[in-house]
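A.B. asks: Once you've had a glance at the structure underneath, I'll fire off some questions.
The values are calculated or read from the model by the stated rules, or taken from the named source; none is laboratory data. Since the model is a prediction, treat every value here as computed from it, not as a measurement. Methodologically, a virtual Cβ is constructed for each residue, glycine included, from the backbone with ideal geometry; neighbour enumeration extends over all protein chains shown. Remember, those area values only see protein heavy atoms, side chains included, never the ligands or the DNA or RNA. Shrake-Rupley method; radii C 1.70, N 1.55, O 1.52, S 1.80 Å.
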Amino acid sequence: GKQLNQGEAPSHQGKKYQKQRATKGQKRNSKTIQQAPLAMVPTDFVLDVVITSFDTLGSSIGTKIKMENESKIQVHDISPKLTSFILTYTQVIDSQGLEKFLEGVLSPYLGLLRSKTAVLLLEAIAEGLKLLPSGSLFSTEEALLSAMVGFQNLFRDGAVIITHRKRLLCSFAIILSKSIFRGQMDHKTILQVLSLFLDIFEEEQIDPTTQAALQLWIKKIGNSSDWASRVAEACAASFVQMGLLSQFRGSWNPMVASNDLERKMGAAIVFLASLSDEEGAASSLLWPAVHKGLRGQSPSSATAWYNADKASRAMIILENGCKLEILSGLGNGDIVVDKKTQQMLPPPPNVENLLTTAVEFLMNHIHALSSSNKNIGESVNNVTGTDAHSINTNQVSATFAKSIMQIRVFAESYPSSFAVSSASEQILESSVQAITSLDDEDSLETVTATSLLYAALSCGANPGARIKNISTFEICAKLLRLDIRLLEEPISAKEKQVACSVFHYARWGCLSIILPKLMAKADSSEASKISDVLDHIPSRALDLVEATPIDALLPLFDCVRGVANSWLPICGDSSIYPSYLSRTINALFSAMDDVSASRTSTYMLNQICSLIFRPELLYDEYRRLQEDSNYQAPIRSAFLKLKKMSSKARSYVLRAAVCYICAGWLGSGNSDGMIPGIGAVPYVNEIAELLTYKGKKIDELETKKSVLMGSQQESDTGLLLPPETDETSIVRGFLMLFISRLPGSTEGLDERVLKGLLHPLIVRIIEEHCFAPLKSGSSLMFGSVDYSLRIRSWQALCILSRYVSSEIAEFVCDSIFKALSQQLHGKIRYFLEVFAIQFARQ
């Protein structure tokens with residue numbers, strides 16, 4: 001060793017020493033790298049260390065790690081490694097270890113994980129269980145109840161996007177199907193598990209894989225093939241006869257009708273019946289319970305509400321049975337077509353009788369909600385609230401909305417029912433006559449008439465025909481003028497709030513159904529009549545948005561959006577166009593600001609953007625700005641408002657706005673004479689800023705909004721970014737896509753676009769971004785804000801390089817040489833040199 005340190009050639013003894021030392025090192029290393037069986041790893045270590053450590057990466061640096069290899073940065077995703085580990089681990093551990101591992105995962109521990117981690121974990125476990133022989137996994141009812149707590153904590157506050165929830169529940173269903181449960185299981189536990197799946201698949205059919213897995217799980221629980229059928233039938237009968245959830249037994253409250261727990265329990269019972277293996281058995285399991293609940297329900301006993309609690313629960317069974325196409329004529333062959341007339345025959349008499357009772361009960365309930373009723377008043381006075389958006393009024397309007405939804409479900413499920421159609425037509429005629437006979441400001445009769453009209457329209461009654469010489473135009477105009485006067489009514493202040501809430505809900509619900517049919521039949525000869533009605537809708541909506549309950553904001557929004565789609569082309573060249581457009585935008589924004597439900601708010605955002613960022617409207621605004629520089633430009637103001645609304649938690653707002661407005665700037669095949677890019681000229685400052693904009697990483701709460709909007713934006717705009725686009729570059733990605741689709745200088749590019757948009761963009765980016773003073777100190781640090789600004793600026797200039805013409809060539813050339821003389825990072829210099837080469841080739 002001494003010889004080597006002194007730089008001399010090693011002697012024979014030195015070589016022997018080196019050989020011995022190397023041999024000892026190899027033996028020592030061979031001991032340290034021996035593999036251990038994976039089954040030896042304790043489940044606690046996997047849960048508390050491996051999975052928990054992986055989960056913390058998502059909220060810090062992410063699961064994609066950048067590593068440098070031979071001067072190249074490579075991205076490694078460790079998510080597949082976790083999936084492979086869990087998949088292998090579930091196969092090598094013994095049955096007791098597997099049971100302990102699953103009990104640890106399917107517990108409140110699950111609610112502590114990020115949804116992405118939970119998805120990876122459950123999908124890997126499900127795949128591993130598929131490879132194991134049947135009977136390898138045992139579980140208990142206590143473990144299942146613990147799993148329910150974990151899922152409830154995970155799904156709390158809607159923090160898990162819909163796609164993740166579907167994947168989680170599909171994996172959970174597979175795990176259930178592979179499990180053998182010890183002992184008897186309470187039917188309430190089964191219904192509680194099934195209720196998890198109802199929120200996800202409420203608006204679409206259940207995934208076949210999930211349904212097959214749940215059917216297998218249900219089959220394993222019972223001791224006979226018809227076990228599920230017998231339990232579903234017994235639960236349905238007990239539910240309607242107030243046996244299940246008996247703690248809610250008492251006087252029926254018309255303001256509430258049925259609470260969320262009752263509705264979930266009833267829907268779960270119907271779902272259990274649908275999982276029965278017997279073909280067509282589900283219908284026969286539920287009809288007896290519906291019949292018992294509605295039997296003896298006299299329409300004339302609306303004030304006493306005789307058996308109203310049983311009838312209300314029976315209609316929950318009937319409603320969900322129709323939705324799952326178990327009880328409806330659409331699903332079980334109840335619809336019969338006459339071979340001669342090719343028309344649908346009405347349902348059987350026993351079904352018609354039940355529908356008659358159900359519809360009449362709902363109409364009486366709606367009548368009670370919209371009138372001064374003692375029971376309603378007592379219920380209202382026990383709740384606190386101050387306006388139309390309070391808990392008090394929201395409760396009544398939500399009950400009203402549920403009753404309307406039930407009527408609509410029955411009408412859609414039994415389109416040939418004479419009971420539903422005749423009742424709706426009679427109520428339509430009487431309510432229209434009552435409305436037209438009222439003063440523009442009237443008493444509680446206004447609430448009753450509008451509520452019944454909305455119920456009739458929801459049943460499918462046709463308002464197109466003239467009713468007693470009353471036209472559809474007159475009905476719409478009267479609904480817009482109507483107001484409620486309650487100063488002289490002998491009711492409390494809280495009852496007045498409830499009456500106003502129900503009235504505004506019914507008014508906008510009626511208009512949302514009537515107006516589309518009205519405008520579909522309108523022609524140029526009726527333009528003057530249309531203008532009288534449509535001109536007042538945005539202003540009226542803006543005045544009444546605060547008084548409208550939250551549940552009714554969507555009908556209000558749809559009314560304003562629908563009339564704007566038809567009215568804006570008519571008044572586009574008139575002097576009232578700017579004010580009408582401004583009022584429309586303000587009304588739409590006011591409705592969206594008051595909505596809290598994510599699905600509704602994202603729908604509204606997409607609809608607003610698709611309405612106002614149309615090519616013809618953007619071009620019209622550009623033209624008006626050229627004629628009058630002081631023009632208020634309502635569309636640009638709306639874009640700036642959306643930009644301001646965007647934040648770390650709501651960056652999806654800006655992405656939606658930029659996506660739609662880029663498509664509007666490009667125009668479409670239907671835009672006659674549209675000049676691509678001309679509408680973007682007034683937005684040059686905003687485009688220059690957003691071309692260097694670095695978005696925020698999308699968290700899981702916001703991803704819910706992004707996923708809901710993504711598919712609709714792509715179909716509406718035709719703008720599709722590459723799938724590998726980084727989430728922080730989506731906004732500028734749409735802008736670069738817009739610039740890349742503009743025609744070249746020799747391809748017919750309009751000179752106004754070149755000199756009014758593209759040249760100012762190039763000059764502004766170079767002056768304000770490429771040579772901006774450093775914010776992070778005297779040097780340009782890798783990954784800093786200044787670094788991101790520089791590299792994004794030169795990337796944007798590479799896209800804009802084909803628009804450098806002789807007017808700005810000297811300025812660009814001087815800027816390039818000035819930048820080349822600076823000390824820059826390799827990545828920044830790469831894009832600078834690309835831009836310089838493209839400029840030289842010009």
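A.B. asks: Within 10 Å, count the other beta carbons around each residue, average over each peptide in 428-438, 75-85, and list them highest first.
C.D. replies: Listed from highest to lowest mean packing, they are 428-438, 75-85.
A.B. asks: Residue 837: accessible area at probe 1.4 Å, nearest 10 Å²?
C.D. replies: 100
A.B. asks: Write down the accessible area per residue of region 98-186 in Å², having rolled a 1.4 Å probe over the full set of protein chains.
C.D. replies: Ligands and nucleic acids excluded, the result is 39 Å² per residue.
A.B. asks: Which sequence of 365, 769 reflects their accessible areas, 1.4 Å probe, from the largest down?
C.D. replies: Descending order: 769, 365.
A.B. asks: Counting other Cβ atoms within 10 Å, which GluC sites (Glu not before Pro) in region 739-842 have at most 13 and lie in a DSSP loop?
C.D. replies: Here the GluC sites (Glu not before Pro) that fit, given the DSSP loop and packing criteria, are 747.
A.B. asks: Sticking with the crude label model, points 7 Å out along Cα→Cβ, report the distance from residue 138 to residue 91 in nm, one decimal please.
C.D. replies: It is 2.5 nm.
A.B. asks: Anything over 18 Å Cα to Cα? Flag those among 264/402; 116/694; 100/178; 402/496; 64/643, in the order listed.
C.D. replies: Over 18 Å Cα-Cα: 116/694; 402/496; 64/643.
A.B. asks: Given a 1.4 Å probe and heavy atoms of the protein chains only, how would you sort 163, 450, largest accessible area at the top?
C.D. replies: 163, 450
A.B. asks: Run the numbers for residue 626 and residue 740: contour at 0.36 nm per residue of separation, minus the present Cα-Cα distance, in nm.
C.D. replies: Here the answer is 38.5 nm.
A.B. asks: Residue 543 accessible area, nearest 10 Å², 1.4 Å probe?
C.D. replies: 110
A.B. asks: Ignoring ligands, DNA and RNA, how do 53, 806 rank by accessible area with a 1.4 Å probe, largest first?
C.D. replies: Largest accessible area first, the list is 806, 53.
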